[in-house]
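Inspection log for the structure reproduced underneath, given as structure tokens.
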Amino acid sequence: MTKLALTGGALAAAAVAGETPAAEPGGKLRVLLVNGSPHMEGCTYTALNLVAQEIEASGVETEIFYLGTAPVQDCMACGSCKKHPGRCIWDKDCVNELIAKARTVQGFVFGSPVYYGHPSGRLLSAMDRAFYAAGDVFAGKPAAAVASSRRAGSLATLDAIQKHFTISQMPVVSSFYWNEVHGFGPADVMADEEGVSIMRQLGRNMARAVRAYAAAPVPDPVERKYTHFIR
């Protein structure tokens, strides 16, 4: 396990929208953990690393993807991704790299610090664009949200992140309490004994979920109907 990138073998991309890709023969399943904090090795990274350790111990490979500190463009609703499916037209930040990595994994953990009772703007902007431009690479794959706060605001943060999952048919993975840790810095997080245990259990549950959904056949889709509240 490396400090920032827990790399694994290559995996085949899903051929059918919403299908969880299977590992190549002899390969392993993989989980992508996304660090939505501007601090590369802060509280959010510390929490994600705890989750990753347990996933790795369960035999599933992981990678922690750091969104960085450069500005992340918000979705402009330009519709260009409808003409070029699977790619956002804005190519000056990390979003298309996130999409490319998402194609190769079978599960996700998205982590964020709490700012004014909500996730970081960079994480929400990245998720909005990635899920809108390439929803098929996320659909049907287990996912979890992790929040890091000084004291409060974690539940609203988790809820905002998880809305991306539930609209994309992604099983939401939980622990035995809400997926949150507390503190001003990494040492505080490690001193949060309950938070540490929550992260470790989340990692074990994620590894189990990834295996289960990778083995399960994809159900036939129901024909979707689009309506609005006026008619």
Check the straight Cα-Cα distances from LYS163 and name the aspartates and glutamates below 14 Å, setting aside those fewer than 8 residues away within the same chain.
ASP128
Karplus couplings for the stretch 152-162 from phi (6.51 cos²θ - 1.76 cosθ + 1.60, θ = phi - 60°), rounded to Hz, Gly and Pro as x?
9, x, 5, 5, 5, 5, 4, 5, 5, 5, 5
Please list, in chain and number order, the residues 5+ apart from GLY183 or on another chain whose amide H is under 5 Å from its amide H, with Hs placed from the backbone.
SER149, ARG150
Pseudo-spin-label distance ASP74 to HIS228, built 7 Å along Cα→Cβ, given in nm, is 2.1 nm
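Calculate the tail of P(r) for the stretch 30-215: the fraction of all Cα-Cα distances greater than 19 Å, expressed in %.
Pairs farther apart than 19 Å: 54 percent.
Any of LYS28/LYS101; LYS92/LYS141; LYS101/LYS225; LYS28/LYS82; LYS28/LYS83 with alpha carbons more than 23 Å apart? Name them for me.
Correct reply: LYS92/LYS141; LYS101/LYS225; LYS28/LYS82; LYS28/LYS83.
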Value of [θ]222 nm, deg cm²/dmol, for the chain, DSSP H segments ≥ 4, -39500 (n - 2.57) each, nearest 500
-11000 deg cm²/dmol
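So in the chain, what percent of DSSP beta bridges are antiparallel if you round to the nearest 5? Please report the intermediate quantities before stating the final value.
Working: 2 of 23 bridges.
Of all bridge pairs located within the chain, approximately 10 percent are antiparallel.
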Expected sort for VAL31, VAL109 with the fewest Cβ neighbours (10 Å cutoff) up front is VAL109, VAL31
Which number do you get for Rg(Cα) / (2.2 N^0.38 Å) in the stretch 111-189?
1.11
Semi-axes (Å, rounded, descending) of the ellipsoid equivalent to the stretch 46-153 per its C-alpha gyration tensor are 24, 19, 11
Apply the Karplus parameterisation 6.51 cos²θ - 1.76 cosθ + 1.60, with θ equal to phi minus 60°, to every residue of the stretch 164-178 and state each ³J(HN,Hα) to the nearest whole Hz, in sequence, with x for glycine and proline.
5, 6, 6, 7, 10, 6, 9, x, 8, 8, 10, 10, 9, 7, 4
In the stretch 60-138, the trypsin sites (Lys or Arg not before Pro) that sit in a DSSP loop and have at most 13 other Cβ atoms within 10 Å of their own Cβ are LYS92
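Laboratory data are not the source of any read-out in this text; all were calculated from the coordinates shown. Bear in mind that the values here come from a model prediction, so they are computed numbers and not experimental data. Neighbour counts are summed over all protein chains in view; Cβ atoms, including those assigned to glycine, are modelled from backbone coordinates with ideal geometry.
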